[in-house]
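Read-outs throughout are calculated quantities, based only on the coordinates presented, and are distinct from any laboratory measurement. None of these values were measured; they are calculated from a predicted model. In this analysis, Cβ positions are derived from the backbone assuming ideal geometry, glycine residues included, and neighbour counts consider all displayed protein chains.
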Amino acid sequence: MISWSSYVTARSLDEALEALAAPPGPARAVAGGSDLLLELKEGRLPPVHTLVDVAAIPELTRLSLDEDGLFIGAAVPLGVVARSELVRTHAEAVAEASALIGGPQVRTSATLGGNVAHALPAADGMIALAAMDAQAEVASASGRRLVPLLTLFRGPGESALLPDRELLVGFRIARRAAGEGSAFARVMRPQGVALPILNAAVFLKREDARIRETRIVVGPSGPVPRRAAALERLLLGRGFDKETRSQLHEAIPTELSFRASPQRAGADYRYRLCAVLLDEVIAEAWRRAGGTL
Ligand SMILES: Cc1cc2nc3c(=O)[nH]c(=O)nc-3n(C[C@H](O)[C@H](O)[C@H](O)COP(=O)(O)OP(=O)(O)OC[C@H]3O[C@@H](n4cnc5c(N)ncnc54)[C@H](O)[C@@H]3O)c2cc1C
């Protein structure tokens, strides 16, 4: 069943924005199509008149490092992100998450732009970008703006982006400095595809044997992704020792909010799993930041 009447392959951002705004019926951007086409096919989204393919727009396929830091274009295929030396050096959590999304076929076409714009609270790439404090570059007819990634979410599957007027151009991440490290890990059901039971990404800055700065994001916890601020505060100024780990575990139920999802896991299981997953991810980020355990 075809759920659109017209397909436009945009060659520039202006062309894409025009095609989104101009058609006689609703229009929507498509990058890899791995989320969108399924949603249209299964009727979870109303049919659209025009699909605007953004995967060939040069700015959206750029992956580079400059004085402003790392830039990952919204339409760079996840397989390219996962293998990129630049991403592995400056945002290891993002490379790790990208390498785990779907299988090789999905990663050939699916993108971080689609992962973020779909706005699911446990999307792997999005969780890793959030822990890296990524800024999203958004384009509209009135120009470009940089916004913190976590401002782009309204609810599960509900993005703050206006689908017929705004496009994600890419994500900016600060260069990695000495003493910094990041990591991502997740737990899937054995035959699971798409979303995990639980995922977590952590950024750490180490000063001698102490954590000087950290960002922790766990999904799915609540309707929109957010930083686990109380857990972050607890780690500041400390090493990742036994006592810190035990206090962190105690704080999980007050800071994170897990629910049961029939196809994935019960809430209790997620709370118990979270302690193990956070231990693993924080220890890895700490090690990458040059710390010893
Ligand atoms: C078999 C399978 C396995 C999967 N496994 C995982 C997994 O392990 N982890 C995970 O997180 N996800 C998984 N997914 C979901 C999906 O592959 C990812 O979310 C992917 O990153 C979506 O990117 P895409 O380019 O295909 O997006 P599309 O399907 O093209 O688009 C998704 C949404 O984003 C919008 N959009 C796309 N690009 C832009 C842009 N530049 N600006 C604004 N809006 C845009 C579209 O309009 C649409 O609303 C899986 C999907 C499949 C089919």
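Round to a whole angstrom and tell me the spacing of the C-alpha centers of segment 1-20 and segment 247-290.
The distance from the Cα centre of segment 1-20 to that of segment 247-290 comes to 41 Å.
GNM on the chain, C-alpha springs below 10 Å: top fluctuator among VAL147, VAL87, VAL116?
Fluctuation is largest for VAL147.
Once you list every other residue whose beta carbon is under 14 Å from the beta carbon of ALA55, what net charge do they have if Lys and Arg are +1 and Asp and Glu are -1? Mind showing how you got there, number by number?
On the way: positive: ARG11, ARG28, ARG62, ARG107; negative: GLU15, ASP35, ASP53, GLU59.
Taking every other residue near ALA55 into account, the sum is 0.
Counting only residues 5 or more places away or on other chains, whose amide H sits under 5 Å from the amide H of ALA194 once H atoms are built in the peptide plane?
Under 5 Å from the amide H of ALA194: GLY102.
If you bin every alpha carbon distance in segment 30-130 into 5 Å steps from zero, what whole percent lands in each bin?
2, 13, 23, 25, 18, 10, 5, 3, 0
Principal axis extents for the chain, Cα atoms only, whole Å, descending order, please.
Per principal axis, max minus min of the Cα coordinates gives 62, 46, 32 Å.
Convert each backbone phi in segment 231-241 into a coupling constant with the Karplus relation 6.51 cos²θ - 1.76 cosθ + 1.60 (shift: θ = phi - 60°), then list the ³J(HN,Hα) values in order as whole Hz, x for Gly and Pro.
For segment 231-241, the Karplus-derived couplings read 5, 4, 4, 4, 7, 4, x, 10, x, 8, 9 Hz, x marking Gly and Pro.
Report D for segment 170-237 in µm² per second (integer): Stokes-Einstein, Kirkwood Rh on Cα pairs, 37 °C, 0.692 mPa s.
Result for D is 240 µm²/s.
Per residue, how much space in cubic angstrom lies within the convex hull of the C-alpha atoms of segment 77-161?
Once divided by residue count, the hull of segment 77-161 is 95 Å³.
Let me have the 222 nm mean residue ellipticity of the chain computed from DSSP H runs of 4+ only, each contributing -39500 (n - 2.57), with the sum over all residues rounded to the nearest 500.
Helices in the chain give a 222 nm mean residue ellipticity of -9500 deg cm²/dmol.
Rounded, prolate or oblate: which one fits segment 140-292, using the alpha carbon gyration tensor with axes a ≥ b ≥ c (rounded when a/c is under 1.5, else prolate when a/b beats b/c, else oblate)?
Cα axes put segment 140-292 in the oblate bin.
For the chain, with a Gaussian network of springs between Cα atoms less than 10 Å apart, report the residue from ALA283, ALA93, ALA229 with the top mean-square fluctuation.
Largest GNM mean-square fluctuation: ALA229.
Which of rounded, prolate or oblate describes segment 6-53 when judged by the alpha-carbon gyration tensor and an a/c cut-off of 1.5?
It comes out oblate by the Cα gyration axes.
Which one of GLY179, GLY73, GLY219 has the biggest mean-square fluctuation once the chain is modelled by GNM with Cα springs under 10 Å?
Maximum among the listed residues: GLY179.
Can you give the local net charge around ALA260? Use residues other than it whose beta-carbon is closer than 10 angstrom to its beta-carbon, Lys and Arg +1, Asp and Glu -1.
Around ALA260, the surrounding residues sum to +2.
Residue by residue, what Karplus-based ³J(HN,Hα) values in Hz, rounded to whole numbers, does segment 281-293 have, using 6.51, -1.76 and 1.60 with θ = phi - 60° and x for Gly and Pro?
6, 5, 4, 5, 5, 4, 5, 5, 7, x, x, 10, 10
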